[in-house]
Amino acid sequence: MFITLAKDLHPAPLQVADDPRWARIVARDKSADGEFWYSVATTGVYCRPSCPSRRANPRNVQLHGTLDQARATGFRPCRRCNPDGPSLEAGNAAMVAAACRRIEQSEEEPSLGELADAAGRSAGYFHRIFKAVTGLTPKDYAAAHRAARVRQGLEDGASVTTAIYDAGFNSSGRFYEKSTFMLGMTPTRYRAGGAHEEIRFAVGESSLGAILVASSQKGVASILLGDDPDALVRDLQDRFPKARLIGGDRDYEALVARVVGFVEVPALGLDLPLDVRGTAFQQRVWQALQDIPVGRTVSYAEIAQRIGAPKATRAIAAACAANSLAVAIPCHRVIRKDGALSGYAWGAERKRALLDREAASDNANRSVRA
Ligand SMILES: [Zn+2]
């Protein structure tokens, strides 16, 4: 009876199940929070899209573009997801991201007390949230960042080999050993393709191995992962045969450090302009990949459905393999329909490591919320 009444007040919009926003509710997509809200006629509450409560029947759900529209239903705000308040996730993530930037930019490692003061929280609370969001203590994060930090920039493009050597490799590390043969190369080789375009790049070190980041004027154009830094530089050359490659300067180091930080702690997100180059089809696939939230996986077949090309599973696998922006375009979140990992351009072990890491940070987020 109540249900009938509620239905009459809110005539069930049959299209909710087909609305793309419903898929985001089903996925409990945190990135949808703040974009829209939904109300559930049968329970008389309204929620934010990521609400952890048991999923409602879409026939009883109404979508609202604004919080005011959700309130206008006369329903109660859900106690679990607190749709009226700022998202806890968003607040915590912003707080932790600010602390990470502070650690990265400090010459000396900030103390826990300093970080907590800057965040306006108690040391204990700050430490707990930081660990939950990143999976690391602030001290561990600082250590990881130090290890990853690109050591030195280059003033100009005069000696590309020196730039590679200085920009990416610790003098005591194994990358230093591996890079020595680069010293025999001349910068002219890097410029042979012509000077129509300049690509800045640097190599850093992450827990997944060497990481090369390269940018055009428009944005980050390549993120490459591998064991051998030299092979990454050659790979970059193959991808941009006509471009002038320029070893990283000091500004560029900071960007590489951010990408390394994102690889270490995917929950922080990577909000960088990308220079995505590919065919129209590849761009559609890559866009669909960017819509997969951290901590989730989808099958090649599912991507095929999502881009409206249900028979193109093979072409989608090929587009994933052609991705030159590792992690930023998360092709590692695509797996086979039967759950098998399938291939990864940068090695199946790295794919496994990335997925494990993202699943861990997703679980940590949930436990903070609960
Ligand atoms: Zn809720």
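The values are calculated or read from the model by the stated rules, or taken from the named source; none is laboratory data. Model, not experiment: these values are computed from the prediction. Ideal geometry is used to build each Cβ from the backbone, glycine not excepted, and the neighbour counts take in all protein chains shown. These accessible areas exclude ligands, DNA and RNA; they are computed on the full protein's heavy atoms, side chains included. Shrake-Rupley method; radii C 1.70, N 1.55, O 1.52, S 1.80 Å.
Computed FRET efficiency, Cβ-Cβ of GLN237 and ALA123, R0 45 Å: what is it to the nearest 0.05?
Working: r = 48 Å, r/R0 = 1.07.
Efficiency, from the Cβ-Cβ distance: 0.40.
Using 26 Å as the Cα-Cα cut-off, could you pick out the over-long pairs in LYS311/LYS337; LYS131/LYS218; LYS30/LYS351; LYS218/LYS242; LYS131/LYS351; LYS218/LYS311? Don't skip to the answer; put the middle values down first.
Working: LYS311/LYS337 14 Å; LYS131/LYS218 34 Å; LYS30/LYS351 23 Å; LYS218/LYS242 17 Å; LYS131/LYS351 23 Å; LYS218/LYS311 33 Å.
Listed pairs above 26 Å: LYS131/LYS218; LYS218/LYS311.
With every protein chain present, what is the per residue accessible area of region 306-363 (1.4 Å probe, Å²)?
Details: 2670 Å² over 58 residues.
For region 306-363, the per-residue accessible area is 46 Å².
Here the Kirkwood formula puts the hydrodynamic radius of region 276-329 at 11.1 Å, using every distinct Cα pair. In region 205-362, the portion of solvent-accessible area held by carbon and sulfur atoms comes to 49 percent [1.4 Å probe, whole percent, DNA, RNA and ligands not counted]. Site pair SER216 and SER53 shows an inter-label distance of 4.8 nm when each label is modelled 7 Å from Cα along Cα→Cβ. Under 5 Å between amide hydrogens, built in the peptide plane, is the criterion, and for SER299 it picks out ILE335 among residues at least 5 positions away or on other chains.
Amide hydrogen proximity for SER206: with H placed 1.01 Å from N in the peptide plane, the residues at 5 or more positions away or on another chain lying under 5 Å are ILE211. Between ARG102 and THR43, the simple spin-label model (points 7 angstrom out along Cα→Cβ) gives 3.6 nm.
Ranked highest first by the average count of other Cβ atoms within 10 Å around their residues, in what order do 206-217, 104-115, 329-340, 17-28 fall?
Working: 206-217: 21.5, 104-115: 13.6, 329-340: 18.2, 17-28: 15.8.
My ranking of the peptides, most packed first, is 206-217, 329-340, 17-28, 104-115.
So how far, in whole Å, is the C-alpha centre of region 93-129 from the one of region 228-297? Centre-to-centre (Cα) distance: 27 Å.
The modelled label-to-label distance for the pair ASP228/GLU35, using points 7 Å beyond Cα in the direction of Cβ, is 4.2 nm. Taking every alpha-carbon pair within region 222-339, the share separated by more than 18 Å comes to 57 percent.
Residue-wise HN-Hα couplings along region 292-298, as the Karplus relation 6.51 cos²θ - 1.76 cosθ + 1.60 with θ = phi - 60° gives them from phi, are 7, x, 3, x, 10, 10, 9 Hz; Gly and Pro carry x.
The phi torsions of region 66-80, fed into the Karplus equation with coefficients 6.51, -1.76 and 1.60 and a -60° offset, translate into couplings of 9, 5, 4, 5, 5, 5, 5, 5, x, 6, 8, x, 5, 6, 6 Hz, rounded to whole numbers, with Gly and Pro shown as x.
Above 18 Å, the calculated P(r) of region 30-99 contains 35 percent of its Cα-Cα pairs.
Using the Cβ-Cβ distance between THR279 and ALA360 with R0 = 35 Å, the FRET efficiency computed as 1/(1 + (r/R0)^6) comes to roughly 0.50.
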